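Notes follow once the structure below has been shown.
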Amino acid sequence: MADVITYRQAVAEGIAREMRRDPAVVCLGEDIGAAGGVFKTTAGLHEEFGSGRVWDTPISEQAIVGAAMGAAMTGMRPVAEIMFSDFLACCWDYLANEIPKVRYMTGGQVTVPLVVRTANGGGLGFGAQHSQATENWALTVPGLKIAAPATPADVIGLMAAAVRSDDPVVFFEHKGLLATKGPPAPPDHVVELGQAAVLREGDDVTLVALASMVPLALTAAERLAEEGIDAEVIDLRCLVPLDAMTVLGSLAKTSRLVTVEENPYQGGWGGTLVSIVADEGFGLLDAPVRRVAAACVPLPFADVLEAEVIPTVDKVVATVRDLTTY
Amino acid sequence: MTTAPRTADGPDTAELLALYEEMAVIRRTEKAAHDLFLSGLVKGTTHLAAGHEAVAVGASAALRDDDYVFATYRGHHHALARGATPEECLAELMSRASGLCGAKGGSMHLTKASGHMLGSYAIVGAHLPMAVGAAWSARLRGTGQIAVAFFGDGATNIGAFHEALNLAAVWKLPVLFVCENNLYMEYTPIADVTAVAHPAADRAPAYGIPGEIVDGNDVVAVREAVARLAGRARAGDGPGLLEAQTYRHYGHSRADPATYRPAEEVERWLKHDPLDVARGRLAELGVPAERVAEADERAAAVVQAAVEAAKNAPAPDPREALTDVWADGGARWRT
């Protein structure tokens, strides 16, 4: 086993492990077959499993996700790729009205065990329609589980849990993390959905992050340590189930909360988390809650403009520094 | 009746009489839904399928029991044709615990999964890709099943229709697209908003799919057309499309008196009622009128009993509102 694996390789490896384990797992999406995906996140799957299990589709997001739903309702475990998470809007009916509701509105007669994978997030200069962090879109709809891993090992572990889940899972793969490396996952590695990870322990402030904001928060924590501020860093890993208890447990120690979100402040996931903290953890807090999130504008193209919009290490450090003097 | 001759390629008299009785049950169930709505026992809305009975019953007669059916919010007839009872359906409409979906779905979402009727969908056209996926699944699992999506004429102008037809054709899947063309997209004549004369059938050639037109009020003709296309699909020859021409007896929904339809058009279609057409065929086959009357009486009794049973059924336990989100039966979304 290699010493390190990239996040990109981990996506393909995570899917491959599940396809080897369960013949009901099939993949569909645009360019995912022989081409290996535009991000090469399905590289090798077509070679190993063939066109009977890895299906290239037309540019038809509704047909991709709708067909995945029909297959999931009838005994398969499809893994559908939507190339960029911005394109979820093209098939939003399925994610908003169909997939999360059909079990409920039929009184539990059907289940929809599928995974919708999608490349999410900015930082690569793709502009307003190919850079969004859209995990908060999915969070608006009861009935979807949401995973957004930050490390290669978590990609594999959460993919295993997502594919094995009898519930629909939207799986956000961060474009900015694809080339990052980390330790490979051990065999049969499964990270249960809804378990946050405390990646760095600290007593002064709790930073809660997701996906690419996790390494950013860790870097900020190192900088803060140089200033004598000891930050605890939590990787939520999933938005649904949301591991609020791990956050509340951390606040019992630190009494200060900063969320680090790539999605816009307006409607971002931190709003939901913070409302839980206000409801159930108000007495734990010694300071206001701060949210470092994207500005409420479309994502601009130029690096200097994009950096102005989405969180940076500097912004997190400055926010925490202010908060600790409150 | 046991010695009745078969028609050339249609059902024998016993089967035709059974199909007639199924249609009669649907007609009376829809009438009961209408009356129960007016008496305040059905809330929300209903989209009644009276007039469309032959499409559901004729198609169902040509399918295997394990073939998949996907329907629209005007779907009571499809649930009934695939094994739901009038009592289950009416109880659902009346918000009773004994409803098909435990009163979580309502009129627009009748589903009988145990009969492979996998739902009624109220976002126009959304279920066509699902049927494609069910057909894909059937092929992957090698079961020989096919999937059928029933939809209205209005659905032929939405993107999902076109994406579904293309993908089904490209992957050569065993799926049938059955359009119930009742001439109106809600309140608007479909001809006024569609670029071609036959909203479904004229689109099929663009996807290399055989598109047929059938008298949707003739249960025998529907049965034969679906049997032909289903046989093709099951043999691996790919999807088929059928445009069944029919007419709804009520408005689009409960809020609609359908005053926009010309009186002579309504009169013409009411004279071509699917139950009358079936009665005519039964008479041609020499079935005595009293046998037909007996079927009507049985249908009336079944629906009357269903109405009474549904009325007497309890409301759902309010706690049921917080079940069935996840496969574990619960609704827990956080720690």
*Considering only segment A:74-86, how many residues are aromatic (Phe, Trp, Tyr) and either within 13 Å of chain B (Cβ to nearest Cβ) or under 9 Å from A:Ile64 (Cβ atoms) (or both)?*
0
_Take A:Ala307 and tell me if it is at pLDDT below 95 and over 15 Å from A:Thr254 (Cα atoms)._
yes
*What's the number of the condition B:Tyr73 fails, among (1) at pLDDT below 95; (2) within 16 Å of the chain's Cα centre (by Cα); (3) among the hydroxyl-bearing types (Ser, Thr, Tyr)?*
(1)
*Just name the residue that is surrounded by the most Cβ atoms within 10 Å (Cβ to Cβ) out of those in segment B:145-173 that are within 10 Å of chain A (Cβ to nearest Cβ), in contact with a Lys or Arg (Cβ under 9 Å, 6 or more places away or on another chain) and in contact (Cβ under 8 Å) with a residue 60 or more places away in the chain.*
B:Leu165
*asked:* Step by step: first the residues of segment A:100-146, then only those that are charged (D, E, K, R) and within 14 Å of chain B (Cβ to nearest Cβ), then the one that is farthest from the chain's Cα centre (by Cα). Which residue is that?
replied: A:Arg103
*Could you list, in sequence order, all residues of segment B:110-135 that are without any contact (Cβ under 8 Å) to a residue 40 or more places away in the chain, within 7 Å of another protein chain (Cβ to nearest Cβ), more than 26 Å from B:Asp202 (Cβ to Cβ) and buried (at least 22 other Cβ atoms within 10 Å of the Cβ)?*
B:Thr111
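Can you name the residue in segment A:169-215 that is among the small types (Gly, Ala, Ser) and either in a loop (DSSP other than H, G, I, E, B) or out of contact with any helix residue (DSSP H, G or I) (no Cβ under 8 Å at 6 or more places or on another chain) (or both) and is also surrounded by the most Cβ atoms within 10 Å (Cβ to Cβ) among such residues? Steps first, answer last, please.
We begin by selecting, within segment A:169-215, every residue among the small types (Gly, Ala, Ser); these are A:176, A:179, A:182, A:185, A:194, A:196-197, A:202, A:209, A:211-212.
If we keep only those that are either in a loop (DSSP other than H, G, I, E, B) or out of contact with any helix residue (DSSP H, G or I) (no Cβ under 8 Å at 6 or more places or on another chain) (or both) too, we end up with A:176, A:179, A:185, A:194, A:196, A:202, A:211-212.
On the way: A:Gly176: 22, A:Ala179: 9, A:Ala185: 24, A:Gly194: 23, A:Ala196: 22, A:Gly202: 19, A:Ala211: 29, A:Ser212: 25.
Among them, the one singled out is A:Ala211.
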*Of the numbered conditions (1) in contact (Cβ under 8 Å) with a residue 12 or more places away in the chain; (2) under 25 Å from A:Gly182 (Cβ atoms); (3) basic (Lys, Arg), A:Arg53 fails exactly one; give the number of that condition.*
(2)
_I'd like the full set of residues that are surrounded by fewer than 12 Cβ atoms within 10 Å (Cβ to Cβ) and either of a type in the set (Lys, Arg) or outside any helix (DSSP H, G or I) (or both), limited to segment B:257-301._
B:Pro257, B:Thr259, B:Pro262, B:Arg268, B:Lys271, B:Gly286, B:Pro288
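When residues of segment A:221-250 are filtered for being assigned to a helix (DSSP H, G or I) and either within 26 Å of A:Ile156 (Cα to Cα) or in contact with a strand residue (DSSP E or B) (Cβ under 6 Å, 6 or more places away or on another chain) (or both), how many remain?
Restricting attention to segment A:221-250, the residues satisfying the condition of being assigned to a helix (DSSP H, G or I) are A:221-226, A:244-250.
Keeping just the survivors that are either within 26 Å of A:Ile156 (Cα to Cα) or in contact with a strand residue (DSSP E or B) (Cβ under 6 Å, 6 or more places away or on another chain) (or both) gives A:221, A:224, A:244-247, A:250.
Number of matching residues: 7.
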*Going by the structure shown, is A:Val102 closer than 16 Å to B:Leu128 by Cβ and surrounded by 22 or more Cβ atoms within 10 Å (Cβ to Cβ)?*
yes
_Would you confirm whether or not segment B:267-277 contains a residue that is hydrophobic (A, V, I, L, M, F, W, C) and touching a Leu at 6+ places or on another chain (Cβ under 7 Å)?_
no
*Please specify each residue of segment B:22-65 satisfying the condition of being closer than 22 Å to B:Leu183 by Cβ and surrounded by fewer than 22 Cβ atoms within 10 Å (Cβ to Cβ).*
B:Lys31, B:His34, B:Thr45
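Per-residue answers, yes or no, for (1) assigned by TED's automatic domain parsing to the domain that holds A:Lys145; (2) in contact (Cβ under 8 Å) with a residue 40 or more places away in the chain; (3) over 16 Å from B:Arg334 (Cβ atoms):
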site: A:Glu227; (1), (2), (3): no, yes, yes
site: A:Leu239; (1), (2), (3): no, yes, no
site: A:Ser255; (1), (2), (3): no, no, yes
site: A:Gly271; (1), (2), (3): no, no, no
site: A:Val277; (1), (2), (3): no, no, no
site: A:Ala287; (1), (2), (3): no, no, yes
site: A:Val292; (1), (2), (3): no, no, yes
site: A:Leu299; (1), (2), (3): no, yes, yes
_I'd like to verify a number: residues in segment B:209-237 that are out of contact with any Gly (no Cβ under 8 Å at 6 or more places or on another chain) and under 15 Å from B:Trp171 (Cα atoms), how many?_
3
_Just to be sure before I move on: is B:Arg254 surrounded by 11 or more Cβ atoms within 10 Å (Cβ to Cβ) and part of a helix (DSSP H, G or I) in the structure I sent?_
no
_Failed condition for B:Gly154, given (1) within 27 Å of B:Lys43 (Cα to Cα); (2) within 15 Å of the chain's Cα centre (by Cα); (3) part of a helix (DSSP H, G or I); (4) small (Gly, Ala, Ser)_ = (2)
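What residue, among those in segment A:268-280 that are of a type in the set (Gly, Ala, Ser) and exposed (fewer than 15 other Cβ atoms within 10 Å of the Cβ), is nearest to the other protein chains (Cβ to nearest Cβ)? Quick ask: steps written out before the conclusion?
Filtering segment A:268-280 down to residues of a type in the set (Gly, Ala, Ser) leaves A:268, A:270-271, A:275, A:278.
Then drop every residue that is not exposed (fewer than 15 other Cβ atoms within 10 Å of the Cβ), which leaves A:275, A:278.
On the way: A:Ser275: 11, A:Ala278: 14 Å.
The selected residue is A:Ser275.
The values are calculated or read from the model by the stated rules, or taken from the named source; none is laboratory data. Fair warning: this is a prediction, and the values are worked out from it, not measured in the lab. Virtual Cβ from ideal backbone geometry, glycine too; neighbours counted across all protein chains shown.
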